[in-house]
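S.K.: My structure is below; once you've seen it, I'll send some questions.
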Amino acid sequence: MKSAMRTDHYTATQNACNLCAPLGAALVFKGIANSVPLLHGSQGCSTYIRRYMISHFKEPLDIACSNFGEETAIFGGGANLKIAIDNIRKQYGPDLIGIATTCLSETIGDDVPMFIKAYQNGCRDEDLPALVHVSTPSYQGTHMQGFHGAVRALVTTLAEPGPVGGCPSVNLFPGMVSPSDLRQLREIVAAFGLEAILVPDYSDTLNGPLWTEYQPIPKGGTPVEALRHTGGAVASIERSVARSGEKETAGTWLEGHCGVPLHRLGLPIGIDATDRFFGSLASISGRPIPEKYAAQRGRLLDALVDGHKHFNGIRAALFGEEDLVAGLAAFCGELGIVPVLCATGGGNGRFAKVVHSVVPKRYHDQMQVMEDVDFVTIEKALEEIDVDLLIGHSKGFAMSRRLQRPLIRVGFPVHDRVDGSRLLHVGYRGAQQLFDRIANTVIEAKQKKNAVGYTYY
């Protein structure tokens, strides 16, 4: 078993294998109904984040900012934040404003919770939107830390303990997955007679129908009232095994403060992880697994039997968010593909342990696991490791072209293809689609190397 941490000391990160923390927070806030993300910082931060999100989701979106300038950087941004909140309330009429800090506001030491409290105290007689703050300086974390931090902030700010009438609900913290994945997860939970409170749910806000006119706040998302009900759910399912060592997550907070039982699972990519997900839902609901999904599992197994011959000796390099890479590595192990390199830009010190826990032991001595690395470091490692394909997001395209290895695009961002919002990874159907993409890529690569290519008589 080999595990590697970055030992080289670069003066600067070169082509980071992650994005900035406020981006993850902004994505979460876009998954709340009638919500507006507000970045407490400069216009450049909001422009950068909008560019990445628009290129991936292919949807217009608004992200507000408090418009830091030179004077603000010196004297503080409290006045700017108040003006920004006032303008958002006037122009959008939101139910929630999600306030994420940036490197600049954190560096100068702006006390955002104090600013928010002062604003609320000054508007006691008015119908205020919920104001939720999350600290997201990028020099202390990646977009995934911003994502999970925003989820935790929503719950700790709004959740109320106590039973909720009607259909029993399950808090589902899905992690950073595609809109298609979110729809699939919600459908699966409903099949067990449970209502899913997805935090977040941007399946409609960032992948909705064609508009006839511009919508400043698209329809969809998890209602604020549902967020308050998270404290009365029958259980929470948190898809974040890579963060299991953290002091507090949304799931652990609800378990400790509201008594909501926590089920921590990995992303349901592949057979074993999906089986665990369905097993948890069966345990929570007291219902058997619906026949529909048993049939999907059977069709997936049939496909794996039909196509396993294509994967003999195939070696893959995986990169991206911690939980996604761990899920992909486990799925590769099920297919017979050796995940010889698993890399992430995050650095919590637990990544290697998580990856090795989900990949068959027979592959461990062939694997290299790297965290807190950039693409320069990843490519340098791949120059010494023979791989057949790369699995990760679009930022690895230049590397794949130089190495002359095919890239299967998963994760965020996918900005050089048109299907980023529609890619399905989770559940048995998601595994089926991912299997087809991987198998066809491997077959195509073999055909290109073969003098005959393909013929059929």
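S.K.: For GLY175, only one of the following conditions fails: (1) in the same structural domain as GLY256 (by TED's automatic domain parsing); (2) modelled with pLDDT of 95 or more; (3) crowded, with 19+ Cβ neighbours inside 10 Å. What is its number?
M.R.: (2)
S.K.: Which one of VAL132, VAL155 is outside any loop (DSSP other than H, G, I, E, B), of a type outside the set (D, E, K, R), assigned by TED's automatic domain parsing to the domain that holds LYS30 and buried (at least 22 other Cβ atoms within 10 Å of the Cβ)?
M.R.: Result of the check over VAL132, VAL155: VAL132.
S.K.: Right, here's the next one. Could you list all residues from segment 26-82 that are within 24 Å of the chain's Cα centre (by Cα), in a helix (DSSP H, G or I) and aliphatic (A, V, I, L, M)?
M.R.: ALA26, LEU27, VAL28, ILE49, MET53, ILE54
S.K.: Hey, another quick one. Of the numbered conditions (1) within 16 Å of the chain's Cα centre (by Cα); (2) under 24 Å from GLU160 (Cβ atoms); (3) among the small types (Gly, Ala, Ser), ALA233 satisfies every one except a single condition; which is it?
M.R.: In the conditions (1) within 16 Å of the chain's Cα centre (by Cα); (2) under 24 Å from GLU160 (Cβ atoms); (3) among the small types (Gly, Ala, Ser), ALA233 misses (1) alone.
S.K.: It is to be established whether one or more residues within segment 419-430 are outside any helix (DSSP H, G or I), under 25 Å from GLY141 (Cα atoms) and within 23 Å of the chain's Cα centre (by Cα).
M.R.: yes
The values are calculated or read from the model by the stated rules, or taken from the named source; none is laboratory data. As the structure is a prediction and not an experimental result, all values here were calculated from the model. Because the Cβ atoms are built from the backbone with ideal geometry, glycine has one as well, and the counts that use them run over all protein chains shown.
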